[in-house]
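The values are calculated or read from the model by the stated rules, or taken from the named source; none is laboratory data. Here the structure is a predicted model, which means the values were calculated and not measured. Cβ atoms come from the backbone with ideal geometry, glycine included; neighbour counts cover every protein chain shown.
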């Protein structure tokens, strides 16, 4: 009797997608990811905070088309053993009546959560939210489908944005300014990897393949190492057509 094969709902890799080829090349050249500030809020707690993090998803390539259309068609896949070694963790998905959220809020106060580097706050994420699109339309975004894992630096400094005015643009302005400083200091919140930790290199199309290969060949690696790294390139167009 043939062995029954079940479809995977998780992977042996975690994927980080971005929108620009130069960002991908920068990751490969520096052999590291860099945590950057992301704005999060918990309305029930009147909580607005900037958290340094690097986000990955655990989604099989056969069902990842929607994800890459939103987050970008360039990216890197890494082994889960690398993720575990560096203390990546799946986020805790909650909703506004979630017992997990209510218990957490009742067990802390706002000051503790922001000043305590061991707070669980960075790992709490809404299962879904209604957000405004770039065109101003209200759309429901189901974050639970992203199966997100996060890397939080060992000594994070959180940004308390709770006292800002109701100007919706202010958090983004402050977060962008903080991330600009991080760009200037590559060592801050850096997460190094070895090329052997990489499982996939994602590019948008065939034209990008040639350009990324050209950049990879500039790396100071042995021929066999270069060939192995290049062999991990896959286009998002392939995923969209064939998976």
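Whether any residue in region 166-185 is in contact with a helix residue (DSSP H, G or I) (Cβ under 8 Å, 6 or more places away or on another chain) and farther than 21 Å from residue 71 by Cα is what I want to check.
no
Restricting the search to region 163-197, which residues are exposed (fewer than 13 other Cβ atoms within 10 Å of the Cβ), touching a strand residue (DSSP E or B) at 6+ places or on another chain (Cβ under 8 Å) and either more than 19 Å from residue 25 (Cβ to Cβ) or at pLDDT 90 or above (or both)?
Result: 172, 192.
Give region 38-66 a look and list any residue that's over 30 Å from residue 213 (Cα atoms) and in a strand (DSSP E or B), or say none.
Matches in region 38-66: 38, 39, 40, 41, 42, 47, 48, 49, 50, 51, 52.
Taking the residues in region 40-60 that are over 12 Å from the mean Cα position of the chain (by Cα) and modelled with pLDDT of 90 or more as candidates, determine which candidate is farthest from residue 181 (Cα to Cα).
60
Go through region 212-239 residue by residue and tally those that are in a helix (DSSP H, G or I) and surrounded by 14 or more Cβ atoms within 10 Å (Cβ to Cβ).
The number of residues fulfilling the criteria is 13.
Pull up region 92-116, narrow it to residues that are part of a loop (DSSP other than H, G, I, E, B) and modelled with pLDDT of 75 or more, then point me to the one that is surrounded by the fewest Cβ atoms within 10 Å (Cβ to Cβ).
97
Can you tell me which residue is nearest to residue 41 (Cα to Cα) among those in region 67-91 that are exposed (fewer than 13 other Cβ atoms within 10 Å of the Cβ) and out of contact with any strand residue (DSSP E or B) (no Cβ under 8 Å at 6 or more places or on another chain)?
Ranking the candidates gives 70 first.
Of the residues 135, 215, which single one is more than 21 Å from the chain's Cα centre (by Cα) and modelled with pLDDT of 90 or more?
215
Return yes or no: is residue 156 at pLDDT 80 or above, part of a loop (DSSP other than H, G, I, E, B) and either within 19 Å of residue 37 (Cα to Cα) or touching a helix residue (DSSP H, G or I) at 6+ places or on another chain (Cβ under 7 Å) (or both)?
For residue 156, the condition - at pLDDT 80 or above, part of a loop (DSSP other than H, G, I, E, B) and either within 19 Å of residue 37 (Cα to Cα) or touching a helix residue (DSSP H, G or I) at 6+ places or on another chain (Cβ under 7 Å) (or both) - is met.
Answer yes or no as to whether residue 191 is within 21 Å of residue 56 (Cα to Cα) and in contact (Cβ under 8 Å) with a residue 40 or more places away in the chain.
yes
For the condition free of Cβ contacts under 8 Å to residues at least 60 places away in the same chain, within 24 Å of residue 15 (Cα to Cα) and touching a helix residue (DSSP H, G or I) at 6+ places or on another chain (Cβ under 8 Å), what is the one hit in 146, 215, 206, 240?
206
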